[in-house]
Structures are given as C-alpha cells and as structure tokens.
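For reference, the structure discussed in these notes is given below.
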Amino acid sequence: MIAIVITLIFTLDRLTKYWATKVLMDNEGISIIKGFFDFSYLENTGAAFGMLSGKLTFLTLIPIVVLVFLAYKYYKTKTKNVLLKLSGGMIAAGALGNLYDRIFYGYVVDFISVHYKNLYYFPTFNVADMSITIGTFLIIIYVLKYVED
C-alpha cells in the first residue's frame with residue numbers, strides 16, 4: 001500500500017510541477033477563483049513559507065533523514081494500521097517530490113496560490129507540500145485515536 005501511495009502522489013507532483021513550468025513560468029498565472037485561488041509559478045529556494053531560503057544543503061539533507069527514519073520505522077514495526085501506512089506514504093511522497101526538485105533544480109516549484117484579494121496571501125505551495133501536510137494531520141489523528149498514555 002505504501003509503495004502505491006508514494007508512486008501515485010510522487011507522479012502527480014511531478015506532472016503538476018511539469019505543467020506549472022510549461023504553462024505558468026512565463027505567464028501572469030491563471031485565476032481559478034478571482035481574488036481567492038490562482039495558479040502562479042514560483043521558484044522556492046527555501047522551505048515551507050520561504051524559511052531557510054538559500055540553505056540548499058540543509059534542505060536537501062532534512063528530507064533524506066526523514067525518508068530514512070520513515071523507512072526504518074516502517075520495517076521495524078511492520079504496522080498493519082492503514083491510517084499509519086497512508087500517512088507515512090504521503091509524507092514520504094511529499095518529501096521525495098520536493099527533494100527531487102532541490103537535487104535537480106536547486107529550488108522547489110510551487111504554483112498553488114490561495115489568497116484574499118490583495119490583502120492576504122498564504123504562501124504558495126505544491127502537491128508535495130499538501131501531501132506532507134495531510135500526512136502529518138493523519139499521524140496526529142492516529143496518535144489521538146490509537147496511542148495510549
């Protein structure tokens with residue numbers, strides 16, 4: 001199950017970033033819901049929310065450590081819990097997607113922009129970021145539901 005989740009999300013991430021590069025790179029962007037939701041190309045040299053901009057080596061090592069940790073935990077525990085498998089696969093896929101960008105381009109392609117008119121802009125993100133975020137929330141749900149004190 002984990003291999004399927006990783007393969008599907010990683011492929012979706014690569015395809016959407018390829019699309020963003022080909023369609024959005026030289027354009028103003030595409031408004032999906034005017035004043036709220038756009039697709040616009042951004043080369044992010046930092047981490048989430050643009051933090052640690054320019055720290056490529058550090059930002060490349062972190063996902064490698066996360067991936068090694070996830071692989072170790074998976075093979076050590078051999079969990080049967082679907083929620084835990086799904087969350088681990090989603091985090092791994094997102095880490096791989098952004099790691100691929102950093103290794104081959106030196107930046108991560110972001111293109112999903114959520115904002116309120118020109119008053120507030122949430123940091124631009126991508127499919128890999130969504131996968132990491134959702135996977136993290138699923139782990140929180142798992143801990144709250146299954147882990148006892």
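For this structure, a couple of remarks:
- Relative to the current alpha-carbon distance between Leu52 and Leu119, full extension at 0.36 nm per residue lengthens the span by 21.7 nm.
- If you look at the Cα atoms of the chain, you get an Rg and a Dmax of 16.5, 53 Å.
- Degrees between helix 56-77 axis and first principal axis of the chain (Cα, 0 to 90, nearest 10): 30 degrees
- Once you reduce region 109-149 and region 65-86 to the center of their Cα atoms, the two points are 20 Å from each other.
- Helical runs assigned H by DSSP (4 residues or longer) give the chain a calculated mean residue ellipticity at 222 nm of -19500 deg cm²/dmol, each run adding -39500 (n - 2.57) before division by the residue total.
- Relative contact order (%) - region 1-148, alpha-carbon pairs under 8 angstrom, separation at least six: 33 percent
- Gain on full extension, evaluated as 0.36 nm per residue between Trp19 and Lys85 minus their Cα-Cα distance, stands at 20.9 nm.
Here, each number is a calculation from the coordinates, and none is a lab measurement. Just so it is clear, the model here is predicted, and its values are computed rather than measured.
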